[in-house]
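K.L.:
To start, I am sharing the structure in question, which I have written as structure tokens.
Here, each number is a calculation from the coordinates, and none is a lab measurement. Everything numeric here is computed off the predicted structure, so don't read it as measured data. Cβ atoms come from the backbone with ideal geometry, glycine included; neighbour counts cover every protein chain shown.
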Amino acid sequence: MRTWLRRNLFRTWWDALLTIVFSGVALWAMWSVFRFVVFTGRWEIIDVNLTLLLVGRFPKDSLWLLYGVVTATAFWGAAVLGGGEVAGALAPSRAERLMLAVRRFGLLVAVGFVLVALAGVQESIWFVVAIVAALALGRQVKKWRRKITALRQLPAVIWHGVLALAPVVMMVLTIRSADMRLWGGFLINFYLAFLSILLCFPLGILLALGRRSSLPMVRLVCAIYIEAVRGAPLFVLLLLSGVALNFFLPPQIDPGPVFRSVTVFTLFTAAYLAEIVRGGLQSIPKGQTEAGRALGLPTLKIIFLVTLPQALRNVIPAQIGQFISLFKDTTLAGAALSIVEMLKISQAITKQDAFLGRGYIYEVLAFAGLLFWVGSFVMSKESQRVEKKLGVGQR
Amino acid sequence: MSEHVNADATQMSGGRTASEAIVVMEGVHKKYKKFSALKGVDLKVAKQEVVVIIGPSGSGKSTLIRCINRLEEHDEGRIIVDGIELTLDIRNIEEVRKETGMVFQNFNLFPHLTVLSNVAIGPRQVRKMSKAKSEELARELLTRVKIPEQAVKFPAQLSGGQQQRVAIARALAMKPKVMLFDEPTSALDPEMINEVLDVIKELAKDGMTMIVVTHEMGFAREVADRVVFMSDGEIVEVGTPSELFDHPKDPRTQKFLSQIL
Amino acid sequence: MLQFFILLSVASVLYWLWNNYRLNVAQSKIPTNFQFLDNPSSFSLPGNALDQSAPVRRAFVQGLLNTLRVSIAGILLALLIGTLVGIGRLSKNFAVRTVSGTYVEILRNLPLLLLLTFMNLAVVLKLFPRIESAWVPLELFVISNRGIAIPWFVGSGTTLLIILGCCIAAMILVSSCCKVYSNRTGKKVRTILISGAVFIVVMVAGWSLFGFNLTLPVVNERGSLGGIRIDPSYFALLVSLVLYTSSHVAEIVRGSILAVPKGQGEAADAIALEPIKKMQLVILPQAFRVAMPALGNQSLNLIKNSSLGAAISYFELTQIAQITVGNGSPAVPAFTLTLIVYLAISLMSSLIINIVNRRLALVER
């Protein structure tokens, strides 16, 4: 212990000085945060407005649909994801696996507990039970796929299609149930990000392929689009979509703010994704295309079966990074358009009669910051895991 | 378990007298987490002695010499170089590094500096020589390793053998008392190995104390005063080249030599 | 064949959009050219010589200047702080390493708008006191929710630039003398200290020579008198941009230092280079070559992120565009102009970064 102290904190007198200064600052900061969270923070404002913050004015009697979506996704995740089981001597012990799971999901679970504690209603307890049950069921289904011959022989497409039906059906029901103008809060941040990610994928890949096309006109058009979008600030594009989109559509169509922001996010992220995918394609050695040609495959098949899958796999970390940025940038939609996403609601609730003018801004921003931070942090940690697992980025 | 071998400088070739030890290692242990890289190594190297260390990969040869200039920190035991003991004190470490020169397997030349600057940077920054004097010294050394005309080029423009010779010049520029070589020719194409070995042989002839880790047995036979065979983090056998190569005593030494020679 | 089809579909989509645009514009009778730039702006910007009758184009120019003001200061500070934090993250000292790591991990994962809202609402508007009870640290500054007032000079701006030029020239002269001396004798010369001292001496001499006066800000009922006041929204925007971007810069710097092969550090250790020299002469030159493209990217991001100033009413380019549109300028041309300006800044910066990159590239065979 003493040698560790000497080596890491007090090597020279300059070192010791740095240690004292930095530790002092760190301890003061930790104490202030602790004091704020436990003692001086007035958390009633979050307590009262929790539903508003998380889902906006989503109708209360349809909330079970949202619970359904989360549960169904948990089931699907447990049934589909996760690495292969390692058997035999190398398999980690129960305790080690528990430690790994805690490290990986501990933060999410902790935040979940905080939310449940704040909500404090009976139904949240049921919700937690439902999620745990869904996870367990998902793992079990995964085991059945391996063990029961009839299930194992089903082609992958059918198996995954059926499994994915669960969350997809729930999502479709949810979208159709409530008027989108009532949606708000964290739900809308998620929804905007999720939809934009889904839609920008095909467009981004097409743009990347177009930029490498042999036809000069196609290459030029794609290049112009990508460079123009990458040079423009997202905020200005959102503002533009608020006032100018009407001019480009026939007068009968008046899209709501959600449509406008999803359009902008999709077009914007597609350009960045195109550059990422192009980088991935460039990193594939020429030998791959040559091998494909030697086998007699037509160019399109080579692209979609050989080079593109490898390129996409190689740039997974960069893609996840882009999506994390998108997730954080959904806050801009609240500032530029009239979407009541969580940051905007946070500021709005400080103006409610019960809370006006008493400096509640610290508490609401802390809560909003916590949710965004945990989401972003967990996604980037997962991205690092994927990077390590695929061995990508290591020469 | 084999007997613990104590490698003192008791026999030397070439008629040189045994002088005081310039490098002393006593009971040196080094562990990486659970793996023991060095298990109780004792070694004394005298002035002007040339010690060649051989052994299978993973035997701890590189770790041994990297502990001497503190590129690795030993966990137990004592290492004393030219009277200075290696401890946590950073001033000791810097003093020791000034007296030892190291040549790496992968050359490790600074790619953003010219060849001349690579050699001159040590004397200039550490020995505090003036720019002119350090460059003069650098040119001398480049002539000594027979590539004076490469002075203004960048390392990437040189062949592997030339780069390694620049690395030797860079180490010599600090006027060290001991030169450490970590597999200096292992990364070279076969046709360039000899040009580098010739330079090292000349250094030995000029009386430089050297510890060389290598697989080049012919070189070892020609130049070494003592050959040390290491395996699994221990010194297994020590002897003059003729003793060790022609009459190895330990079965592990015999096995290794039969695979190499 | 396939490409022709793609081109055709893209062209038809574009044509459909353009057609809608024409029809809608004809209907609404809003002009679509750039004539609005000559109209009177009908708003004024505080602290600038812009009144209500000045043409809109002057407002845009002012907005552009404000964007550049916050961007340049932001880039310099973010690069400086980010580099220090990035190096700190690799320190052998546990305390330094942990604090730097926490700084990066917290700031990197927060949305910029959240940081900005926090700085604006929670710090500048709430924390900073009202003018009656303003903070006056060291009797030199006046900090309130109307801004930060710092001591400033009274005198002509051009004379100040001349003095600055002389100071810089003197610094360069003195540091080259120091370098020659140190090369000749090999002795260590504290170049930075000496040229810093020279800078200050020349600056003070110049000031007293030209009769410059230092004014200290003093509180009066409506604000502060004397000195110069840093706009609170400028302060909030600058601090948020710097905090956010510096965390990304720190990660880039850390990654680039780790990308330098381990053997380089070992070779520097083997010739007993002391740690600061090792960083300065061996590691950082190689690390920066690797980091250049990513750092250039971050600088561009900062410039684009400055558009968020519109969310806190800082009068940079985007905010100006919004205000003029609110006051009657046609929306599409105004925002198109804004976009073109941002694009131009982007492309020029990319060009500069590419040139610097090519100059710095390591010489290959």
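K.L.:
If you take the beta carbon distance between A:Gln352 and B:Asn92 as r and set R0 to 56 Å, what does 1/(1 + (r/R0)^6) give as a FRET efficiency, to the nearest 0.05?
P.N.:
Computed FRET efficiency for A:Gln352 and B:Asn92 comes out at 0.25.
K.L.:
Taking the simple approach of a point 7 Å from Cα along Cα-to-Cβ for both C:Ala197 and A:Val129, what is their distance in nm?
P.N.:
A separation of 7.9 nm, rounded to one decimal place.
K.L.:
Starting from the amide H of A:Gly184, placed 1.01 Å from N in the peptide plane, find each other amide H under 5 Å away whose residue is 5 or more places distant or on another chain.
P.N.:
When sequence neighbours closer than 5 places are left aside, the close amide H contacts are A:Gly56, A:Arg57, A:Phe58.
K.L.:
Can I get the semi-axes of the range C:77-143's equivalent ellipsoid? Compute them from the C-alpha gyration tensor as square roots of 5 times the eigenvalues, in angstrom, largest first.
P.N.:
30, 17, 10
K.L.:
Which values, in whole Å and largest first, are the semi-axes of the equivalent ellipsoid of chain A obtained as the square root of 5 times each eigenvalue of the Cα gyration tensor?
P.N.:
That gives 37, 32, 28 Å for the three semi-axes.
K.L.:
Quick one: helix B:90-99 against the long Cα principal axis of chain B, what's the angle to the nearest 10°, folded into 0 to 90?
P.N.:
Computed tilt is about 80 degrees.
K.L.:
Amide H of B:Met102: which non-local residues (sequence gap of 5 or more, or other chain) have their own amide H closer than 5 Å, using H built in the peptide plane?
P.N.:
Amide H neighbours of B:Met102: B:Leu180.
K.L.:
For each of C:Val218, A:Val258, count neighbouring Cβ atoms within 10 Å of the residue's Cβ, then give the residues from fewest to most.
P.N.:
On the way: C:Val218 13, A:Val258 18.
Result, fewest neighbours first: C:Val218, A:Val258.
K.L.:
Starting from the alpha-carbon convex hull of the protein assembly as shown, give the projected area averaged over all orientations, in nm².
P.N.:
That works out to 52.4 nm².
K.L.:
Could I ask something else about it? Using a simple spin-label model with points 7 Å from Cα along the Cα→Cβ vector, what separation in nm is obtained for C:Ser133 and A:Arg94?
P.N.:
Roughly 6.0 nm, to one decimal.
K.L.:
So, one more: Could you tell me the calculated FRET efficiency between B:Asp250 and A:Arg2, based on Cβ-Cβ distance and R0 = 45 angstrom, to the nearest 0.05? Walk me through the numbers before you get to the answer.
P.N.:
Numbers: r = 40 Å, r/R0 = 0.90.
Working from the Cβ atoms, E equals 0.65.
K.L.:
When the distances between all Cα atoms of the range A:182-359 are binned every 10 Å from zero, what whole-number percent does each bin get?
P.N.:
Going out from 0 Å in 10 Å bins, the range A:182-359 shows 9, 30, 29, 18, 9, 3, 1, 0 percent.
K.L.:
Is it possible to state the helix-based mean residue ellipticity at 222 nm for chain A, with each DSSP H run of 4+ residues giving -39500 (n - 2.57), the sum divided by total residues, to the nearest 500 deg cm²/dmol? What is it? If you can, show how the numbers build up before the last one.
P.N.:
On the way: 18 runs with 296 residues, N = 395.
Calculated from helices alone, the mean residue ellipticity at 222 nm is -25000 deg cm²/dmol.
K.L.:
Still on this model: Give the relative contact order (percent, whole number) for chain B; include only Cα pairs under 8 Å separated by 6+ residues. Write down the numbers at each step before the final one.
P.N.:
Working: 482 pairs, mean separation 67.5, N = 261.
It rounds to 26 percent for chain B.
K.L.:
Select from A:Ala223, A:Ala136, A:Ala101 the residue whose mean-square fluctuation is largest in a Gaussian network model of chain A (Cα-Cα springs shorter than 10 Å).
P.N.:
A:Ala101
K.L.:
To the nearest 10 degrees, how steeply does helix B:115-125 sit against the main Cα axis of chain B, on a 0 to 90 scale?
P.N.:
Between helix and principal axis, roughly 80 degrees.
K.L.:
Pull out a ≥ b ≥ c, the square roots of the eigenvalues of the alpha-carbon gyration tensor of chain B, then state rounded if a/c is under 1.5, prolate if not and a/b is larger than b/c, and oblate in the remaining case.
P.N.:
prolate
K.L.:
For B:Thr209, enumerate residues with amide H under 5 Å from its amide H, sequence gap 5+ or separate chain, H modeled in the peptide plane.
P.N.:
B:Gln48, B:Met179
K.L.:
Which links in B:Lys177/C:Lys277; B:Lys39/B:Lys175; C:Lys92/C:Lys278; A:Lys286/A:Lys389 stretch past 21 Å when you go from one Cα to the other?
P.N.:
B:Lys177/C:Lys277; B:Lys39/B:Lys175; A:Lys286/A:Lys389
K.L.:
Just to verify a number: FRET efficiency for A:Leu137 and A:Glu387, C-beta to C-beta distance, R0 = 41 Å, to 0.05?
P.N.:
Calculated value: 0.85.
K.L.:
Also, quick follow-up: Of the residues B:Ala156, B:Ala224, B:Ala46, which exhibits the maximal mean-square fluctuation in a Gaussian network model of chain B defined by a 10 Å Cα contact cut-off?
P.N.:
For chain B, modelled as a Gaussian network with Cα springs under 10 Å, the answer is B:Ala156.
K.L.:
Ranking C:His248, B:His112, B:His215, B:His247 by Cβ neighbours within 10 Å, fewest first, what do you get?
P.N.:
So the residues, fewest neighbours to most, are B:His247, B:His215, B:His112, C:His248.
K.L.:
Next up: Can you give me the span-like helices of chain A, meaning DSSP H runs with 20 Å or more of Cα extent along the axis and Kyte-Doolittle mean at or above 0.0?
P.N.:
Qualifying helices: A:13-35, A:63-80, A:94-119, A:122-147, A:156-177, A:185-211, A:216-230, A:257-282, A:316-336, A:361-390.
K.L.:
Something else: Please compute the modelled spin-label separation between B:Lys175 and A:Arg103, points set 7 Å along Cα→Cβ, answer in nm with one decimal.
P.N.:
Output for this residue pair reads 5.2 nm.
K.L.:
For chain A, modelled as a Gaussian network with Cα springs under 10 Å, which listed residue fluctuates most, A:Ile158, A:Ile20, A:Ile148?
P.N.:
Its mean-square fluctuation being the largest, the pick is A:Ile20.
K.L.:
Just want the ordering: B:Lys34, B:Lys47, from fewest to most Cβ atoms lying within 10 Å of their own Cβ.
P.N.:
If I rank by nearby Cβ atoms, fewest first, I get B:Lys34, B:Lys47.
K.L.:
Return the aspartates and glutamates within reach of A:Lys381: Cα separation strictly under 20 angstrom, same-chain partners fewer than 8 residues apart disregarded; answer none if there are no such residues.
P.N.:
Within the straight-line limit of under 20 Å, A:Lys381 reaches these aspartates and glutamates: A:Glu96, A:Asp329, C:Glu105, C:Glu251.
K.L.:
Working from Cα positions, state the angle (0 to 90°, nearest 10) between the long axis of helix B:131-144 and the longest principal axis of chain B.
P.N.:
With rounding to tens, the tilt is 60 degrees.
K.L.:
What is the Cα centroid distance between the range B:101-146 and the range B:174-222, reported in whole angstrom?
P.N.:
18 Å
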